[in-house]
Structures are given as structure tokens and as C-alpha cells.
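Written below as C-alpha cells is the structure these notes are about.
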Amino acid sequence: MAAEKTSKKQVNLFYCLECEDLARKVAAQSDHIILQSISWRSFADGFPNIYINNAEELRGQHVAFLASFSSPALVFEQLSVIYALPRLFVASFTLVLPFFPTGSFERMEEEGDVATAFTLARMLSDIPVSRGGPTSLVIYDIHALQERFYFGDEVLPLFETGIPLLKQRLHQLPDADNIVIAFPDDGAWKRFHKQFDNFPVLVCTKVREGDKRIVRLKEGNPSGRHVVIVDDLVQSGGTLIECQKVLAAHGAAKVSAYVTHGVFPKQSWERFTQKNEDPENAFAHFWITDSCPLTVKAIANKAPFEVLSLAGSIANALQI
């Protein structure tokens, strides 16, 4: 049996500056993941001046890069590295992009709209093929599953999810047997409901009243329960707050939230800190993953936030 057991491959993991903390956590998961470094510098005109350390030693090695496209300015310098690494005669190349940032801009509603999810997918589809074949592209909870078809045949998208981390955390709660999962809209229900087969489920919906879109409870009964709202990402958080109010009005004992990607532009996470919340409208817990490193640093030690790290899941994905 021992002879049949597949030996683990050693992976050289590079990372962008934003992802250093997450990269160190990933490397701590396995002796088979070796952290490597890049010198991220700039010329006087602001354009990147990048050097990949130990480049010649990478020949015949498995290589991965942990990316964070948190702003358009950072995409170019990271793409420069992502395009360079597979050409160093590496055995295989894996790109881990936990958050695909243009995922919610995946469709055109009228002529002239630009679906930037498709644009970014095309840019990633042009990653050079390594000696081992196409690049493996690891993404967590992409906004719409049909976006897998935006990528060309030159990359192999591997869509992972942070939901197992949430389920593990929910089982640790003292009121674990009183949990109900709520989805803020039909899209979130379609996206995630099959992963919560063992939980009661609620669904909210947005209805238009005049010029406003109002959240209503579509199905399920939250009375007396600890309701956990689940979605893939949060921006301003307005929908989550409206859902919380509706669920509380229907008798929920507690309301918590989980999103894989805590984007929170313009520090909108501050709306959820308990010092800024009306106790009547407070979230008991707000779980996010570390897919958005800038948010993780901003919300550190601030209730009700808690970070569920993707490090173990990423370490496993690097062995596929």
C-alpha cells in the first residue's frame, strides 16, 4: 500500500506583497511548500522594476504564485510576474487568485456595457504554457459559475469554495443545533444551497416599491433561530443590513453573516463594527476569509469580525 501512495510534490510559492501573511500561513501547512521571494521595485516613472529571485533554480520545479488584484494598478505588475514564471522551464505553474475581482461584472444589460469579468479572464487565459502544460488557476467562490466558460483552453480553472470553513465554524458554536442559513437573494440560493443540505434554509428577495428596492422574506421562518446570512462577497453591505432588519423583525434570535470575499471599499466594514451598530441591529458574528488581505488587516481584532483562513485549502489545492 505504501508504494501505491502518491508522494507529495514540492511547490515553490511566490506571492505579491499584499499576500505575504497568507503565503506564510499556506507554507506553514506543509513541509512541501517552499516560500520564494520577488523584489518588487519601481522605476522613477512608476512602472514596475521586478526581479524574480533564484530564477535559474526553478528549472524542473513546481511553481505557484499567490495573487491579489485588489486594485487595477497592481494587476499589471503581478501579470508581469505571472507571465514570466511559466517560461523559466518550470515543471508546472499554478496561479492562486482567491478573489476574482471583476466577477460581478459578468454580463451586459444594454449595448455599450463592458463585461470586465470576460476581460480579466482573457488576460489570464494568455498565461504562457509551462513545460508541464496549461496553468492551473485556483479561484474561490467566483461570483457566477458560468464564468468558467470565459477562460480559454490554455488555462485550467479550479473553482474552490470557502463554505467548508464556515460549516466547520458553525459546528463549534454553542447554539449549533439552532442555526438556519439565509440567502439574501435567489442568486445566492442557486449558488450555495446544495452545500447546506443539512441546514434549514431561508430565502430573502428584493422587490421594487416605487424607486426603492426593498428586501423581503420570501420563504422560511427565522423565529427564535440563529440565522446566518451567506453570500459570496460584500461591498457596501447595504443588502446584508436590510436582510438583518427583516430577519430580526420576523423574530430571529440572532443574525450573523458569512461572505467569502470581504471587499468593503471605502472602509464600509465600519458599518458593522459593534461600536457603530445599534444593538437592536447588531450582527452576532461576521465571518470572512482572507481572500482580500487589505480588509483582513483593517478588521483585525474588531468585533463582530472573524477571519476563516483559506491557507489549508490553498495548500491542498497546490497538491492537485
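The values are calculated or read from the model by the stated rules, or taken from the named source; none is laboratory data. Please read these numbers as outputs of a predicted model, since none were measured by experiment. For neighbour counting, all protein chains shown are included, and Cβ atoms are generated from backbone atoms with ideal geometry for every residue, glycine included. In case anyone asks, the SASA skips ligands and DNA or RNA and just uses the protein heavy atoms, side chains included. Shrake-Rupley method; radii C 1.70, N 1.55, O 1.52, S 1.80 Å.
Overview of results
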read-out: Hits in the stretch 273-320 - residues which are at pLDDT 95 or above, open to solvent by 20 Å² or more (accessible area, probe 1.4 Å) and either assigned to a helix (DSSP H, G or I) or on the phi > 0 side of the Ramachandran plot (or both); value: L294, V296, K297, A298, G312, S313, N316
read-out: Every pair of residues 6+ apart whose Cβ atoms lie under 8 Å, when the first sits in the stretch 129-146 and is outside any loop (DSSP other than H, G, I, E, B) while the second is crowded, with 16+ Cβ neighbours inside 10 Å and acidic (D, E); value: V138/E160; I139/E160; Y140/E160; Q146/E106
read-out: Condition met for V203 (free of Cβ contacts under 8 Å to residues at least 12 places away in the same chain and in a strand (DSSP E or B)); value: no
read-out: Evaluation of V255 against (1) aliphatic (A, V, I, L, M); (2) open to solvent by 40 Å² or more (accessible area, probe 1.4 Å); (3) farther than 26 Å from E106 by Cα (one fails), failing number; value: (2)
read-out: Residues being of a type in the set (D, E, K, R), in a loop (DSSP other than H, G, I, E, B) and either crowded, with 23+ Cβ neighbours inside 10 Å or out of contact with any Asp or Glu (no Cβ under 9 Å at 6 or more places or on another chain) (or both) - total across the stretch 87-111; value: 3
read-out: Answer from A27, A117, A23, A84 - the residue that is modelled with pLDDT under 95, part of a helix (DSSP H, G or I) and either under 25 Å from the mean Cα position of the chain (by Cα) or under 20 Å from I142 (Cα atoms) (or both); value: A117
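Table: residues versus (1) modelled with pLDDT of 95 or more; (2) in a strand (DSSP E or B); (3) in contact with a Gly (Cβ under 7 Å, 6 or more places away or on another chain).
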{"site": "K167", "(1), (2), (3)": "yes, no, no"}
{"site": "K190", "(1), (2), (3)": "no, no, no"}
{"site": "Q195", "(1), (2), (3)": "yes, no, no"}
{"site": "N198", "(1), (2), (3)": "no, no, no"}
{"site": "V207", "(1), (2), (3)": "no, yes, no"}
{"site": "I214", "(1), (2), (3)": "no, yes, no"}
{"site": "L217", "(1), (2), (3)": "no, yes, no"}
{"site": "L233", "(1), (2), (3)": "yes, yes, no"}
{"site": "V255", "(1), (2), (3)": "yes, yes, no"}
